[in-house]
């Protein structure tokens with residue numbers, strides 16, 4: 001048993017009074033319930049019930065789509081039934097940033113039939129991992145996640161409509177040590193709590209944006225990586241709030257500042273644990289790696305709805321902020337979408353740079369695995385690498401430039417429907433279309449400033 005993993009029979013003896021049983025929603029946020037530690041043995045057998053509405057409302061928990069019966073899965077027509085969260089005991093660990101609380105990730109099951117709920121991001125990722133394993137391949141993944149940190153109390157920020165943001169750094173400070181020293185007490189506590197919770201931080205740094213920071217994590221299998229990712233986001237928000245600060249994982253929260261990314265590193269091994277991306281005894285790409293990258297790029301437009309899942313995502317994706325660009329790749333080239341890195345054969349991997357910090361890691365990893373597997377199965381050829389600035393070449397005309405485009409391309413793709421199932425695709429398209437039309441119908445400060453006394 002890993003150092004951080006807990007024995008469910010010893011929770012109260014080890015000082016835990018509460019267990020959070022949680023699962024990611026479609027936006028990648030953790031939903032679930034709290035149970036007394038002494039009752040957790042019952043939860044192991046029976047699970048906990050949560051309403052299926054957590055997969056049917058939008059990011060604001062609006063009931064519009066539920067009341068309109070937009071989904072077969074959940075609506076007024078079927079009485080908003082429950083589903084059962086069944087804990088994955090391999091994930092039971094301390095939530096070390098919270099006093100006396102443990103957390104256990106769970107998978108939702110249909111409460112009547114007992115089957116896993118296919119819409120679950122965690123279940124979707126498990127399915128893609130299993131499909132890859134049937135081909136004798138196993139992915140190793142790592143995420144690099146950026147965020148903005150502000151010296152503002154979270155409740156006060158919302159009360160004043162997010163005006164008067166005070167970034168924690170005031171000038172560009174990418175890789176600069178002195179800026180990080182000011183907030184070292186905060187980050188030291190965060191790193192310590194994350195380690196105790198089984199989330200190993202490889203490195204942390206201040207970033208170029210004012211108030212922007214980054215942490216990278218030790219690579220692992222995709223499910224463990226996604227679990228760590230969502231726990232990390234929860235810990236960052238909770239720890240920031242304790243210090244009267246606010247963190248955001250928006251893709252681009254500030255005008256004139258760079259966006260926040262979620263770069264994803266991917267490599268693969270065979271059933272014997274041998275790396276399959278390098279050619280034998282070299283750091284040159286194998287045919288299998290070339291095919292995997294080709295698959296990821298071939299389907300990148302179709303999965304932009306998951307890589308860039310909000311209206312705000314495209315404030316970042318449409319800039320030259322080294323945020324990836326269309327279906328491009330290159331050797332150690334940060335202007336491309338797939339950057340090939342690794343100085344030694346065992347380290348050879350691709351870094352996928354399109355996703356923003358607002359992505360749901362389970363969905364992004366599902367998309368990458370499905371796309372790479374398809375590239376390998378179809379032996380797709382990789383087009384020539386970009387050796388210069390990828391932004392000098394316009395992306396394909398069919399590459400989504402906003403969320404409405406992304407929803408359309410995602411829904412129209414035979415590949416996404418084959419890989420995920422039409423019921424899953426249709427459900428997401430409904431949510432994405434709702435988000436886009438809600439945005440288009442809203443009058444913003446930008447509208448007033450630009451048109452009020454000029455038209």
Relative to a virtual label point 7 Å from the Cα of residue 397 in the Cα→beta-carbon direction, which members of the range 301-315 show backbone nitrogen distances below 20 Å?
-> 301-302
Hey, could you pull the Cα Rg and Dmax for the range 75-152, both in Å?
-> 17.4, 50
Please report 397, 229, 402 as a ranked list, fewest other C-beta atoms within 10 angstrom at the top and most at the bottom.
-> 397, 402, 229
Computed on Cα atoms, Rg of the range 234-316 relative to 2.2 N^0.38 Å comes out at 1.58
Taking 0.36 nm per residue of separation between residue 99 and residue 182 and subtracting their Cα-Cα distance, the length gained on full extension comes to 27.3 nm
To the nearest µm²/s, what D does Stokes-Einstein give for the range 177-267 at 20 °C and 1.002 mPa s, using the Kirkwood radius over alpha carbon pairs as Rh?
-> 152
Under the 7 Å Cα-to-Cβ spin-label approximation, residue 151 and residue 439 lie apart by a distance in nanometres of 3.2
Please work out, to two decimal places, the log10 of the ratio I(q)/I(0) at q = 0.15, 0.18, 0.25 Å⁻¹ from a Debye calculation in which every Cα of the range 332-382 carries one identical scatterer.
-> -0.52, -0.74, -1.13
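Quick one: what do you get for the range 258-391 if you divide its Cα Rg by 2.2 N^0.38 Å? Walk me through the intermediate numbers first.
Details: Rg = 14.2 Å, N = 134, 2.2 N^0.38 = 14.1 Å.
Expressed relative to 2.2 N^0.38 Å, the Cα Rg reads 1.00.
With a 10 Å radius around each residue's Cβ, average the other Cβ atoms per peptide and rank 427-439, 16-28, 376-388, highest first.
Those peptides, ordered most packed to least, come out 16-28, 427-439, 376-388.
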Scaled to the compact-protein estimate 2.2 N^0.38 Å, what is the alpha-carbon radius of gyration of the range 337-455, rounded to two decimal places?
-> 1.38
What is the spread of the Cα atoms of the range 8-115 along each of their three principal axes, largest first, in whole Å?
-> 48, 29, 19
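No lab work stands behind these numbers, since they all come straight from the coordinates. Owing to the predicted nature of the structure, the values given are computational and were not obtained by experimental measurement. Ideal geometry is used to build each Cβ from the backbone, glycine not excepted, and the neighbour counts take in all protein chains shown.
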